[in-house]
Amino acid sequence: MALNRFQGLLIAASVLAAGSGASAQPVRPLLLSDVLARVREANPALEALRLEAAAARTRRDQVSAWQDPMVSATVNTGAGRMQRSEVMVEQALPWPDVLRARADATDAASRSIETRADAATADLVLEATGAYVEAAGVELMMGHLDHFQAELAAFEQAAAVQYETGLGPQQAILRIQLEKNGLARRRLELSARVETLRETLARLAGGEPGWTGRPLVLPEPLPGPTPAPEAADVRRRPEWDGFEASLERLDAETAEARKAFRPDLSVHASWMEGSVMRGGRDAFGFGFGLRLPVWRAPRRAAVEEKEVERRRLEALMEDLEIRTLSEARSARIRIGSLLKTMELVDDVLLPQGEATQQATAAAYTNGRADYLDLVEAERILLDLRLERVELQVRLLTEQANLVRLLPPDGEPTTDH
C-alpha cells in the first residue's frame, strides 16, 4: 500500500531518530511503518471490506447473463386415438443495452465498496498514527520525569546531609519529597495512558502483535508552510470517489429504468407427437411473445426515484466539499498557531529555562541560592520540556488530520 507524503516523512524521521540511539538501545524500536503496515495487513474490518468488494465484482456475470430457457412437457397416457405428447421450449430475449446497463451498475457498485475500503483504511491509518504519536510523546515525557526524579533523589540526599549537619533547613527535605511524590503520581498517570494507547494500537493491528517492550520513536513535524486548501484537493478523497461511483451506478440504473417502457420479447418452439387422426405425423411450431408495458405509472416512479437519488448524492458531495474545506482551513490555522508556539518555546522559553537552571545551580554552588531555588528552577525546565513534547504531539496529530482531509496530489491514500 502506497504511503502518502506525510506518513512517509514521519516514518523516515522515526527511522533516523531510532538509528541515532541504536547503540544505547538493544531493543529494536517499534516504528510508525511497523504499525501502519500491520494495520493495513491484519485489521479484520479492512479485510471484511476487501472481501465484500471482491464478492461485488463477481455480480457482473450474474446480472449480465440471459435467463435460463423454460421447458414444458405434456405426456398423455390415456387410451384412445387422440393421445399425444407435447414439448415446448421458451427463451426470453433481453435487450443488449439493458444487460450492459445492469453490468455497468454492478461495476459501479463494486467500485463504491472499494472506495469505502479506501476511506476505512485512511481512517484507521489516521487513528493509528494519532495513537502512535501520542504514545511516543507520553513515553518521551516519562523519560523527562525519570531524569528529574533522579536529580531529586540526589538533591534529597544532599539536603538530608546538610540538615543533619545543621547547615540546611528541614523544609528543603520536605519540599523535595513533595516534588518526588508529585512526579510519581504523574508518572503513574502517564504509564496508564501509554498502556491504553498501546492497547489501541494492538486493536487496530488485529490483535496482540507482540509489540510489548518495544520503545516508540516520536517523529519530527513536517517542515514548511501548509498550503491553502482548494476544491480540487477534496476530489482526491476516497469519499469523493465513492460518490462518483454511486452517481455512475445511478446513471446506469436510470438508463435501465427508462428502457423498461419497451416490451419484453420471448421466442418459443414446440413439438407435438403425431396422432392417428393426423396420419401419425409429428408437428413442429415456432412463435414469439411480447410482454407489453401497459402499466406505466410504476415505471415512471422508478425513473423519478433514481433522479431524486442523484440530486441527493450531488447535495452530499457539495456538503463534503464545503465541510472538508472548512475543516482544512481550521486545521491550517491550528497548525500555524502550533508552529509559532513551538518556535517560541524552542527559541525563547527553553533557552531561558536552561539559562535559569544553570544560573541557579551556579548561585547554589556559590552559596547565594538554596535547594528550594534549585528545585524550582529544575521543575520549571521540566515543565517547559513536557510542554514542548505536548506541542509536538498536537502538531503531528493536526498534520496527519489535514492529510486525511486533503490527500496529497498524485499519491493514493490506499491501494489493494
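The values are calculated or read from the model by the stated rules, or taken from the named source; none is laboratory data. Given the structure is predicted, the values throughout are model-derived calculations rather than measurements. Using ideal geometry, Cβ is built from the backbone for each residue, glycine included, and neighbour counts are taken over all protein chains shown.
Just the residues that are within 30 Å of A48 (Cβ to Cβ), assigned to a helix (DSSP H, G or I) and without any contact (Cβ under 8 Å) to a residue 40 or more places away in the chain, please, taken from the range 182-227. Quick ask: steps written out before the conclusion?
Going through the range 182-227, the residues within 30 Å of A48 (Cβ to Cβ) turn out to be 194-212, 214, 216.
Cutting the leftovers down to assigned to a helix (DSSP H, G or I) gives us 194-204.
Answer for the range 182-227, where residues must be within 30 Å of A48 (Cβ to Cβ), assigned to a helix (DSSP H, G or I) and without any contact (Cβ under 8 Å) to a residue 40 or more places away in the chain: E195, T196, E199, A202, R203.
Every residue, every condition in (1) buried (at least 17 other Cβ atoms within 10 Å of the Cβ); (2) at positive phi; (3) in contact with an Asp or Glu (Cβ under 7 Å, 6 or more places away or on another chain), yes or no:
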residue	(1), (2), (3)
I335	yes, no, yes
L338	yes, no, yes
Q358	no, no, no
D370	yes, no, no
L402	yes, no, no
L406	yes, no, yes
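Scan (1) loosely packed, with under 13 Cβ neighbours inside 10 Å; (2) of a type in the set (V, I, T); (3) not in a helix (DSSP H, G or I) for the single condition V308 breaks and write down its number.
Exception for V308: condition (3).
Can you pull out every residue in the range 319-345 that is of a type in the set (S, T, Y) and more than 19 Å from A231 (Cβ to Cβ)? Before the answer, list the steps.
Restricting attention to the range 319-345, the residues satisfying the condition of being of a type in the set (S, T, Y) are 324, 326, 330, 337, 341.
Residues satisfying the conditions are S337, T341.
Confirm whether A257 is assigned to a helix (DSSP H, G or I), at pLDDT below 90 and of a type in the set (G, A, S). Walk me through how you get there before you give the answer.
On the way: assigned to a helix (DSSP H, G or I): yes; at pLDDT below 90: yes; of a type in the set (G, A, S): yes.
Yes, satisfied.
On the basis of being surrounded by 14 or more Cβ atoms within 10 Å (Cβ to Cβ), at pLDDT 90 or above, in a helix (DSSP H, G or I) and under 40 Å from the mean Cα position of the chain (by Cα), does I322 make the cut? Steps first, please.
On the way: surrounded by 14 or more Cβ atoms within 10 Å (Cβ to Cβ): no; at pLDDT 90 or above: yes; in a helix (DSSP H, G or I): yes; under 40 Å from the mean Cα position of the chain (by Cα): yes.
No.
Please work out if G353 is touching a residue at least 24 places away in the same chain (Cβ under 8 Å), more than 24 Å from A135 (Cα to Cα) and among the small types (G, A, S).
Working: touching a residue at least 24 places away in the same chain (Cβ under 8 Å): yes; more than 24 Å from A135 (Cα to Cα): yes; among the small types (G, A, S): yes.
Judged against the criteria, G353 is a match.
Would you check which residues across the range 351-400 are under 19 Å from D146 (Cα atoms) and within 36 Å of the chain's Cα centre (by Cα) and list them?
L382, D383, L384, R385, L386, E387, R388, V389, E390
Would you mind stating whether L292 is under 30 Å from L250 (Cβ atoms), of a type outside the set (S, T, N, Q), out of contact with any Leu (no Cβ under 8 Å at 6 or more places or on another chain) and surrounded by 15 or more Cβ atoms within 10 Å (Cβ to Cβ)? Full working, then the answer.
On the way: under 30 Å from L250 (Cβ atoms): yes; of a type outside the set (S, T, N, Q): yes; out of contact with any Leu (no Cβ under 8 Å at 6 or more places or on another chain): yes; surrounded by 15 or more Cβ atoms within 10 Å (Cβ to Cβ): no.
Against the criterion (under 30 Å from L250 (Cβ atoms), of a type outside the set (S, T, N, Q), out of contact with any Leu (no Cβ under 8 Å at 6 or more places or on another chain) and surrounded by 15 or more Cβ atoms within 10 Å (Cβ to Cβ)), L292 does not qualify.
Run down E248, E208, E230, E244 and say which single residue is charged (D, E, K, R), more than 27 Å from H144 (Cβ to Cβ) and either at pLDDT below 85 or in contact with a strand residue (DSSP E or B) (Cβ under 8 Å, 6 or more places away or on another chain) (or both).
Details: E248 fails: either at pLDDT below 85 or in contact with a strand residue (DSSP E or B) (Cβ under 8 Å, 6 or more places away or on another chain) (or both); E230 fails: either at pLDDT below 85 or in contact with a strand residue (DSSP E or B) (Cβ under 8 Å, 6 or more places away or on another chain) (or both); E244 fails: either at pLDDT below 85 or in contact with a strand residue (DSSP E or B) (Cβ under 8 Å, 6 or more places away or on another chain) (or both).
Testing whether each residue is charged (D, E, K, R), more than 27 Å from H144 (Cβ to Cβ) and either at pLDDT below 85 or in contact with a strand residue (DSSP E or B) (Cβ under 8 Å, 6 or more places away or on another chain) (or both) leaves just E208.
Of the residues V39, V15, V98, only one is at pLDDT 90 or above, among the β-branched types (V, I, T) and either assigned to a helix (DSSP H, G or I) or more than 23 Å from R237 (Cβ to Cβ) (or both); which?
From the options V39, V15, V98, the qualifying one is V39.
Could you tell me which of the residues R235, R249 is more than 30 Å from V138 (Cα to Cα) and without any contact (Cβ under 8 Å) to a residue 24 or more places away in the chain?
Values: R249 fails: without any contact (Cβ under 8 Å) to a residue 24 or more places away in the chain.
Answer to the check: R235.
Whether any residue in the range 286-299 is in contact with a helix residue (DSSP H, G or I) (Cβ under 8 Å, 6 or more places away or on another chain) and either in a helix (DSSP H, G or I) or aromatic (F, W, Y) (or both) is what I want to check.
In the first step, residues of the range 286-299 are kept if they are in contact with a helix residue (DSSP H, G or I) (Cβ under 8 Å, 6 or more places away or on another chain); the result is 293, 299.
Among the residues that remain, those that are also either in a helix (DSSP H, G or I) or aromatic (F, W, Y) (or both) are: 299.
Yes, the range 286-299 has at least one match.
Could you please find all residues in the range 295-305 being surrounded by fewer than 12 Cβ atoms within 10 Å (Cβ to Cβ) and free of Cβ contacts under 8 Å to residues at least 24 places away in the same chain? Reasoning before the result, please.
Here is the first cut: in the range 295-305, the residues surrounded by fewer than 12 Cβ atoms within 10 Å (Cβ to Cβ) are 295-298, 301.
Result: W295, A297, P298, A301.
Would you be able to say whether some residue in the range 213-220 is out of contact with any Asp or Glu (no Cβ under 6 Å at 6 or more places or on another chain) and over 28 Å from S33 (Cβ atoms)?
no
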